[in-house]
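K.L.:
Here you go, one structure.
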Amino acid sequence: MRLEILGPVRVTDGNDIKAIGAQKVEILLATLAIRSGQVVGVDQLIAEIWGDEPPRSAMGGLYVYVSQVRKLLRRPGAAASPVLTKPSGYMLTLGSDELDLHDLTRLVKEGRVQLRNGEHEDAVRSFEEALALCRGPLPTTAVRGPILQGFQAWFGEIQLECREGQMEAHMALGHHRELVSDLYLLSTEHPLREVFHRQLMLALHRSDCRGDALLAYHRACRTLRDQLGVEPGPALKDIQREILMDNGR
């Protein structure tokens, strides 16, 4: 059995995939999975499921949803449920290979180390495998409490980090021309993220598109000034200087 929360929550067992039909059960299961191995308080769970104004029946509803989660995660032949009742709340216990979130964090850590050590082919593979696990966020309407809100922000950021690392490793392998279209898209979708502008400039410059690289710099400067009122950081300025000083050597 494997629990997948990097997208609509589902439970898989080989080729058998069980989607979660009820949104409140999905929220409960996702919250317990995010805090896997930790006790999540009853009040915290109620806040995640109902937000700031829970109904009077919230406690009874929580018991029902916990029961449904236990039924969903029931393992044939297993005496104990992975959802444990604790004095202050509930705790989900899963093996390291039973939650896609664990795989994502492992692959990102491996990719960081590989990139730092110059193992660029391995880094590309790690970041691409990590991104392949990301099927999309929970529906926005389901995110009511701080645990899921925090996870949603972290999830978006970790995907961007993977894209940055993926591009960096590909460029170290000399794949500059192949990256240009992806980097145009990334720098447009995330205009305040200077790293994508820097990578685009570098990819264009190394693809013998010096003018386009300088245009990309000026576009980044204009965006940063218009939206944030700031000048580009040292990394962008260094790339611009490198391009201007390169006379075809």
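K.L.:
Compare Ile17, Ile147 by solvent-accessible area with a 1.4 Å probe and give them largest first, with all protein chains kept in place.
P.N.:
Accessible-area ranking of Ile17, Ile147, largest first: Ile17, Ile147.
K.L.:
Taking 0.36 nm per intervening residue step and subtracting the Cα-Cα distance, what contour gain separates Ser96 from His218 on full extension?
P.N.:
Going from the current span to full extension adds 39.3 nm.
K.L.:
Checking the a/c ratio against 1.5 first, then a/b against b/c, what shape does the Cα gyration tensor give for the stretch 1-55?
P.N.:
Cα axes put the stretch 1-55 in the oblate bin.
K.L.:
Determine the per residue accessible area of the stretch 1-99 with all protein chains present and a 1.4 angstrom probe, expressed in square angstrom.
P.N.:
Per-residue value: 52 Å².
K.L.:
Let me ask you something else. By how many nm would the segment from Val42 to Ala22 lengthen if fully extended, with 0.36 nm per residue of separation less the alpha-carbon distance?
P.N.:
Residue separation times 0.36 nm, minus the Cα-Cα distance, leaves 5.3 nm.
K.L.:
Something else: Tell me, what is the FRET efficiency for Arg112 and Ala172 to the nearest 0.05, using R0 = 22 angstrom and their Cβ-Cβ distance as r?
P.N.:
Approximately 0.95, to the nearest 0.05.
K.L.:
Here is a further query. Report the rotationally averaged projected area of the stretch 1-158 based on its alpha-carbon convex hull, in square nanometres.
P.N.:
Quarter of the Cα hull surface area: 10.3 nm².
K.L.:
Next question. Just subtract the alpha-carbon distance of Leu244 and Thr85 from 0.36 nm times their residue separation and send over the number in nm, one decimal.
P.N.:
That works out to 50.8 nm of additional length.
K.L.:
When the accessible area of the chain is computed with all protein chains present and a 1.4 Å probe, what percentage of it is carbon and sulfur?
P.N.:
50 percent
K.L.:
Would you mind giving the three semi-axes, in whole Å and largest first, of the ellipsoid equivalent to the stretch 184-239 according to its Cα gyration tensor?
P.N.:
18, 11, 9
K.L.:
Taking a ≥ b ≥ c as the square roots of the Cα gyration tensor eigenvalues, with a/c under 1.5 meaning rounded and otherwise prolate when a/b beats b/c, else oblate, which class fits the stretch 149-249?
P.N.:
Judged from the Cα gyration tensor, the stretch 149-249 comes out oblate (a/c at least 1.5, b/c at or above a/b).
K.L.:
Sorting check: for 164-175, 230-241, which peptide has the highest mean count of neighbouring beta carbons within 10 Å, and how do the rest follow?
P.N.:
The packing order, highest mean first, is 164-175, 230-241.
K.L.:
Any idea of the accessible area per residue across the stretch 100-249, 1.4 Å probe, to the nearest Å²?
P.N.:
Result: 52 Å² of accessible area for each residue.
K.L.:
Taking the Cβ of Ala213 as the center, what net charge do the other residues with Cβ under 15 Å away carry, scoring Lys and Arg +1 and Asp and Glu -1?
P.N.:
+1
K.L.:
With every atom except the alpha carbons ignored, what do you get for Rg and Dmax of the stretch 98-213, in angstroms?
P.N.:
Values for the stretch 98-213 (Cα only, Rg and Dmax): 15.6, 50 Å.
K.L.:
Further question on the same structure: Under 24 Å from the Cα of Lys18, which lysines turn up, not counting those fewer than eight places away in the same chain?
P.N.:
Lys71
K.L.:
Now for a separate question. Give the separation of the Cα centroids, the stretch 147-168 to the stretch 92-118, in Å.
P.N.:
Cα centroid of the stretch 147-168 versus Cα centroid of the stretch 92-118: 13 Å apart.
K.L.:
Continuing with the same structure: Give, rounded to the nearest 20 debye, the magnitude of the charge dipole that the chain has about its Cα centre when Lys and Arg contribute +1 at Cβ and Asp and Glu contribute -1 at Cβ.
P.N.:
580 debye
The values are calculated or read from the model by the stated rules, or taken from the named source; none is laboratory data. Since this is a predicted model, take the numbers as computed values, not measurements. Don't worry about glycine lacking a Cβ; one is built from the backbone with ideal geometry, like all the others, and counts go over all protein chains shown. Calculation scope for accessible area: heavy atoms of the full protein, side chains included, ligands and nucleic acids excluded. Shrake-Rupley method; radii C 1.70, N 1.55, O 1.52, S 1.80 Å.
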